[in-house]
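A short reminder: the numbers here are calculations on the coordinates, not readings from a lab. Quick caveat, the model's predicted, so the values are computed rather than measured. Methodologically, a virtual Cβ is constructed for each residue, glycine included, from the backbone with ideal geometry; neighbour enumeration extends over all protein chains shown.
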């Protein structure tokens, strides 16, 4: 699936955001190796530590549906003036399931997109050997 189409799905997902505190909507569209797509939106809580980001929302939905093989993700931040990259927690969680070369597309609009990889956003990822134990 092309990145523009995946980003459009992320933009649509952002419409479902529950963000009454920050007023900052985020949507994500996670592409599985079988071509299926899982979307997610940020869900805030007045205790900000309990907020879940759109990227993790999409990933948890996919894993809960039995998916484990992901090939890319798009993240839309329509309320920003510039492309906003995934937070540190999301970078760590994405690196658990996506290969370092997996593409990540993020932006505030189709005209303001950044294309990167998981490895570029988390270059010194470690501890994958723990999964082999």
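Details
- Checking each residue in region 30-58 for being farther than 17 Å from residue 80 by Cβ and in contact (Cβ under 8 Å) with a residue 40 or more places away in the chain picks out 30, 31, 58.
- Spans of helices (runs of 4 or more DSSP H) in region 23-133 with at least 3 residues buried (at least 19 other Cβ atoms within 10 Å of the Cβ) and touching a strand residue (DSSP E or B) at 6+ places or on another chain (Cβ under 8 Å): 54-64
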